[in-house]
Amino acid sequence: LLTGRLLGADAQPLATTSVGVQLRYSGRGGHHSSSTSIRTDEAGRYELPLRGEGKYDLTLTLEGYLPLTREIEIPADPRPGEVDLVLQPEPPGGAPTGGLSGRVYLPDGKTPAVGVKVTPFTKDAPFAEADSTVSAGGSTYRSSGALGAETDGQGAFAIQGLRPGRYAVFATPFETHRPLEPRKPVKSEYANLLPAVSDLAEDEANQEPKGIRVMLRQGGSLLVRVLHADTGKPVAQAQLRFSGELAEDLPLGYSPYPPFATKATDEHGEHRAQGLASGLYRVTVSAPGYQTQQ
């Protein structure tokens with residue numbers, strides 16, 4: 001249980017008020033996201049039931065106030081956690097917003113990357129509009145696919161509606177970016193490319209969008225051939241599953257090859273995995289009537 005007071009900017013309690021809460025949990029029970037609401041009493045106190053010990057990302061929304069994002073760690077302690085939450089009122093005319101713009105290039109640094117999805121994210125900083133949160137390398141990355149953009153024929157993109165803060169962008173040459181789905185390149189010639197991230201850039205309200213340059217990286221490929229141990233004949237439709245370490249400079253949960261997204265060998269018993277970051281990979285091979293191999 002998390003308890004405390006809900007306060008306005010003047011440190012006055014927000015009494016008998018309902019506030020929307022987006023909750024993201026990371027702990028022994030895995031990763032979970034949920035939406036709920038809390039209602040304060042006459043003294044501005046609230047109670048928020050939690051899953052148990054672990055790390056939580058809370059985003060509070062209340063009309064007339066700026067969204068508030070807090071990162072809270074709950075220890076293995078039966079006593080309630082006590083946290084006061086302070087909401088800042090929206091300035092007149094609504095919350096100030098800015099944006100980011102730039103260009104994405106292929107690995108040669110000259111050719112525009114067309115149709116590439118560009119997603120804004122923050123590192124160890126609040127992002128009220130974030131719809132995804134990932135922890136990696138001791139840092140927390142929050143990103144918003146909804147605010148993302150797609151590059152045009154010149155490789156240019158523009159992202160609007162960002163609140164003032166420091167943002168970077170993540171550019172990926174694949175249409176899908178979900179762990180359990182196969183990746184599909186936006187263009188066939190992009191199949192062996194890797195995503196890229198930009199440096200952090202300051203986004204200021206009501207200013208011209210900051211220009212960002214991103215260059216996709218060249219990936220590697222791995223040819224797997226599956227043969228019958230006794231006859232040496234190729235085994236078609238053998239199921240392959242790849243696993244490897246995450247690239248350290250691709251923080252948004254990007255896997256070099258989607259885990260658990262199986263691939264099948266062709267009639268020659270072969271499959272070529274493309275778009276792999278440098279590193280060590282394990283291939284798990286299975287087929288009916290055969291022992292599973294790694």
- Within the range 115-142, residues farther than 30 Å from Tyr65 by Cβ, out of contact with any His (no Cβ under 9 Å at 6 or more places or on another chain) and crowded, with 18+ Cβ neighbours inside 10 Å come out as Val116
- Message: Just to be sure before I move on: is Leu6 assigned to a strand (DSSP E or B) and modelled with pLDDT of 85 or more in the structure I sent?
- Response: yes
- Task: Kindly establish whether Val104 is within 30 Å of Pro173 (Cβ to Cβ) and open to solvent by less than 30 Å² (accessible area, probe 1.4 Å).
- Result: yes
- Message: Based on this model, can you work out whether Glu73 counts as under 22 Å from the mean Cα position of the chain (by Cα) and either more than 16 Å from Arg163 (Cα to Cα) or open to solvent by 30 Å² or more (accessible area, probe 1.4 Å) (or both)?
- Response: yes
- Task: Among the residues of the range 134-154, write down those that are β-branched (Val, Ile, Thr) and farther than 16 Å from Arg166 by Cα.
- Result: Val134, Thr151
- Assess whether Glu208 counts as being of a type in the set (Asp, Glu), more than 16 Å from the chain's Cα centre (by Cα) and at pLDDT below 85. yes
- Message: Looking at the range 12-38 only, could you name the residues that are open to solvent by 60 Å² or more (accessible area, probe 1.4 Å) and at positive phi?
- Response: Thr16
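The values are calculated or read from the model by the stated rules, or taken from the named source; none is laboratory data. No experiment lies behind these values; they were computed from the predicted model shown. Neighbour counts run over all protein chains shown; Cβ positions are idealised from the backbone, glycine included. For the accessible areas, the whole protein counts, side chains as well, though only heavy atoms, and no ligand, DNA or RNA atoms are used. Shrake-Rupley method; radii C 1.70, N 1.55, O 1.52, S 1.80 Å.
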